[in-house]
Structures are given as C-alpha cells and as structure tokens.
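Participant: Dropping a structure here in structure tokens format, bear with me for questions.
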Amino acid sequence: MTEPREAALKYAHENVERFLKDLKELASIPSVSTDLIHKEDIQRAANWLAARLHALGAMNVQIMPTPGHPVVYGELPTGNSKAATVLIYGHYDVQPAEPLELWESPAFEPTQRGENIYARGVSDMKGQVLVSMNAIESIVRTSQLPVNVKFLFEGEEEIGSPHLGSFIAEHKVLLASDFCLNLDAGILGADIPSITYALRGLAYFELRVRGPAHDLHSGSFGGVVHNPAQVLCELIAGMHDERGRVTLPGFYDSVRALDPEERAELARLPMGEDYFLRNSGAPALDGEEGYTPAERVGARPTLEVNGLLSGFTGEGSKTVLPATAMVKISMRLVPDQDPDQVYRQLIQYLEAKAPNTVRWEVIPMAGSPASIADRNLPSLVAFRDALQQVWGKRPVFKREGGSVPVVTQMQQLLGIDSIIGGFGLPDDGAHAPNEKLHLPTWYHGIDTIIHFFFNLKN
C-alpha cells in the first residue's frame, strides 16, 4: 500500500465522528422533493452540499436551476489533462416520512441506536453522497487526487428525475467525463460486498377496454353483451404461457442470452429460493422455466400486472356489467430490448387476440432501455479490487431487477458507463418508516472509495 493511500485512510479513520456529525446535519434537513411545502428545505440541502464542495476546494461550484428543483455542480481538477475524469452522481432529495406514527424516533432527527443511525434519507441516499465526499476529503487533505472529479447532485430523483435528462443534454460539455460513479445502490449484506453491473429497463402501459356506452344491468344484458372485464382478464391471462414465458409476438427475439461464465457468476449470489420466499412472504415462487430466481429477477424480461380496475368494487353487491375495464402493465426489459419495439409487440398481440365486441386502446406511460457494463472495464475492475481490499473477499456481481433512468441517460447523452455501487443494506428500509444506515458498513464504504480512486491511478 502506497504512502498517500495509507495517509488518506488514516485521515478517514481519525475523522469518522465528524463525518457522522455531518451526516446527521444533512439528514436533519427534510428535503422532500414531492411536496412543495418543503421547497425551502430542498434549497437548504442544495446550499449545504454547495458549501461542502467549497470546503473541499472544489471549483466552479454552482446551484443550477431547473424547471423543478436545482442541481448542485462542482469540479475538482488535478491539473493533469491525461488523468481520467470521474463524474460523481447523487441525489439529495428524500421520500416523505409518512406515516409519522410508525417512526420510533422523529424522521428528521437522526438518532443512533447501536450500530445504526435512523432518519429519512440516511441510506437513500444522503449517506451515500457523503461516502464519496468523505473519501475525497480524506485524499485531498493528505495528498492529491489521482483523477479529475466532477459532482452532479440532483434534487428530483425521488419523483422520477423529470428534468435531469434535459439538464444533462443541455450541459454535455460541462459534464463530459470518462465514466460515472453512482452510489445509489447497495450491497447484499454487511459481509457481502456487491457490484451492480446491469439494470433492467422499463416499458409501462395502461390498457383500456370499452364495451357498452355505460354500465348495464347484468340480468338484462349478461350473456348478450360481452363484458369488458371478462375480455380484459382473458387478454391478460394469455400474455403468459404454461412455461411462464411472455407471449407477445417477437418478445424474446432481441433478448441477449446468458453465457455460462455469467451464469456461474450469478450463481454466487446468495439469492436462492429461500431468499425470495423469506423476503416476499409468498407461499411459493413462480416465473420462467429454465432459470434460477437470481437470473429471472435480473437477467430475464418480465410482464407484470400492476393494477386492475373495473365495475363495482364497493361493499356489498351490485349486479352490474361494467362498461370499461383497465389494467396497468409494466415490463422489465433486458439489454437489447427496445421499449418502442415492445409497445409494437403489445399492439400486435391485442390486434390478434382482442375480440371485435369491444374497443381498446394502449397508452404508453414510461419507457427506458436496460443497461449493462462490461465487467472487465478498468474502472469496474478498480471498484471490484477496492471492495476486496476492504472486505477481504471477492465481491459478487449482480444484475438489478429495477431501473435507474440516470444510468441510461448517461450512456445515451454523455456516452459514458456507470459504476453502480453503494453501501446501503437490504434491511435499511429505504422509503419506509425507521429508515436506517449501518455505520460499520458506511465506514467501510468510505475506505472503499479511497482505495477506488488510488486504484484508478494504477
């Protein structure tokens, strides 16, 4: 281990109490992005981060307006034009804390109990933002950063980042980098260092089926008028076959197959049947035949019903034949699938299967492609080695079943891949009452990012 690396680690270990104090201070700001009553708190959190960047010695620190909440930007150049440039992404907004009565301590009064600190946003993701800032402080106070760094902290992630894509598109030159470090993820356990190298994409639709002009008496018209609710149920039931595969025409044509080496890597994940049964409470698992649970949830596409609405659903009975029926459908996509193509496949399915006794329409509501990074990228190898240096064991690589639109935006608009990490734990309760952060893991995270930056130099 080189002397600058040792000095930075020593600095971090000597300053953990101050780092924790800073986390408590930031987490005490109720920067809830979805509620306009917290607009001043959002601004206060942005100001706090900008001040912290100034204290780090960052240049060109700006609180940049968007049509919604602002973006905080800053730069730490090395003066070496040949050094890599890392764009550090994070968000400073948080979810609402309600229901407040379920919190054991006030949501915006950070409280330490045992090895954990409890407050809204400590795990998702104010603690993760400070991991990178604390690591960088530890380096710049003791030596020199081996790479150039840019910071991009947004205030709208918890409401779907509605303005981030246009912001990135308008500031391509400012944000130009070699890759992005995104710590808005986590690890599988305090003793299981993990790297997310792939994210599934999303295609979200609302399907509406209409029959008669208005609700009808089921005694007078049942058996004569086709029931839209029945039609919708039959259409939905036909969207999967007996093997658990999606039946939309051509749905799997562009799906990238898993090679044996990647399947072996995914088999290392502690995510077998027991894991999903324990964490879901389901009586048994389901899904596409021929794939393990970890493969199904990260590397295979899905089609899921997210909500159904039709007819009378109140207490008691009402003999009605509903005029309309609606379903919300989401599809998780894997690399090489295209949301627009999936939309066309859904239309083809409905054109072939829907009877002429009803009218139907599909409303596209959201869409983003999947992303995947080469596990042999130098930056990813540097992160892998950093985790191993801190935890003393080889990290596992995992595919994330959900979507992170900013990762795709970075690829499409800036042409850069993202290192997706983080040091939250599965039981941190992000978005739930009593959200927590495991402090020993958080401290390990600071050490990891210190190693990561020095590994990039080699």
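Participant: Kindly provide the helix-only [θ] at 222 nm of the chain, computed as the sum of -39,500 (n - 2.57) over DSSP H runs of four or more divided by all residues, to the nearest 500 deg cm²/dmol?
Facilitator: -10000 deg cm²/dmol
Participant: D for segment 293-387, whole µm²/s, Stokes-Einstein with Kirkwood Rh over alpha-carbon pairs at 10 °C and 1.306 mPa s: what number?
Facilitator: 92
Participant: I'd like the trypsin sites (Lys or Arg not before Pro) in segment 40-142 restricted to DSSP loop residues with at most 12 other Cβ atoms within 10 Å, sorted by number.
Facilitator: Working: sites: 44, 52, 82, 113, 120, 126, 141; in loops: 82, 120, 141.
Within segment 40-142, the qualifying trypsin sites (Lys or Arg not before Pro) (loop, at most 12 other Cβ atoms within 10 Å) are 82.
Participant: Given +1 on the Cβ of Lys and Arg, -1 on the Cβ of Asp and Glu, and no further charges, what dipole in debye does the chain carry about its Cα centre, rounded to the nearest 20?
Facilitator: Details: 40 positive and 57 negative charges, 110 e Å.
Charge dipole, the chain, about its Cα centre: 520 debye, nearest 20.
Participant: Net charge near residue 452, counting Lys/Arg +1 and Asp/Glu -1 over other residues with Cβ under 10 Å of its Cβ?
Facilitator: -1
Participant: Let me spell out the model: positive unit charges on the Cβ of Lys and Arg, negative unit charges on the Cβ of Asp and Glu, origin at the Cα centre of segment 44-147. What dipole size does that give, in debye rounded to 20? Could you put the intermediate results ahead of the total?
Facilitator: Details: 7 positive and 9 negative charges, 98 e Å.
That gives segment 44-147 a dipole magnitude of about 480 debye.
Participant: If you don't mind, there's one more thing I want to ask. Could you name the lysines whose alpha carbon sits less than 28 Å from that of residue 457, not counting residues in the same chain fewer than 8 places away?
Facilitator: The reachable lysines, counting only those whose Cα sits under 28 Å from residue 457, are 10, 82, 126, 150, 172, 393, 398.
Participant: Could I ask something else about it? Taking every pair of Cα atoms in segment 235-274, average 1/r, invert it to obtain the Kirkwood radius, and report Rg/Rh to two decimals. Before the final figure, lay out each step's value.
Facilitator: Values: Rg = 14.3 Å, Rh = 12.8 Å.
Here the Rg-to-Rh quotient is 1.12.
Participant: Looking at the chain, do any whole DSSP H helices span at least 24 angstrom along their long axis by alpha carbon and average -1.0 or above on Kyte-Doolittle, and which? Each step should come with its number before you reach the end.
Facilitator: Values: long enough: 39-56 (26 Å, -0.34); 439-457 (28 Å, 0.35).
Span-like helices here: 39-56, 439-457.
Participant: Report the Cα centroid-to-centroid distance between segment 307-324 and segment 180-228 in angstrom, as an integer.
Facilitator: Using only Cα atoms to place each centre, the spacing works out to 20 Å.
Participant: Now a separate question. Tell me which lysines have Cα within less than 23 Å of residue 328's Cα, excluding those fewer than 8 residues away on the same chain?
Facilitator: Within reach: 353.
Participant: Under the 0.36 nm per residue contour assumption, what length would be gained going from the current alpha-carbon distance of residue 304 and residue 220 to full extension?
Facilitator: Using 0.36 nm per residue and subtracting the Cα-Cα distance, I get 26.8 nm.
Participant: How big is segment 216-283 in terms of Cα radius of gyration and Dmax, in angstroms?
Facilitator: Rg, Dmax (Cα atoms, Å): 20.5, 62.
Participant: What are the GluC sites (Glu not before Pro) within segment 237-332 that DSSP puts in a loop, where the Cβ has at most 10 other Cβ atoms within 10 Å?
Facilitator: Here the GluC sites (Glu not before Pro) that fit, given the DSSP loop and packing criteria, are 242, 289, 315.
Participant: Let me test this: with uniform point scatterers at the alpha carbons of segment 324-458, what is the Debye-based log₁₀ I(q)/I(0) at q = 0.11, 0.14, 0.16 1/Å?
Facilitator: -0.62, -0.85, -0.99
Participant: Of the listed values [x] 1.03; [y] 1.09; [z] 1.15, grab the one calculated as Cα Rg over 2.2 N^0.38 Å from the structure here.
Facilitator: Calculated Cα Rg over 2.2 N^0.38 Å: the matching label is [y].
Participant: Now, a different point. Debye sum, Cα scatterers, segment 1-147, no solvent: what log₁₀ I/I(0) at q = 0.19 1/Å?
Facilitator: -1.19
Participant: Let me ask something else about it. Any idea what the relative contact order of the chain is, in percent, if you count C-alpha pairs under 8 Å spaced at least 6 apart?
Facilitator: Rounded, it is 25 percent for the chain.
Values in this text are rule-based calculations from the coordinates and carry no lab data. This one's a predicted model, so the numbers in the text were calculated from it and none came from an experiment. Heads up, the Cβs are rebuilt from the backbone with ideal geometry, glycines too, and the neighbour counts pull from every protein chain shown.
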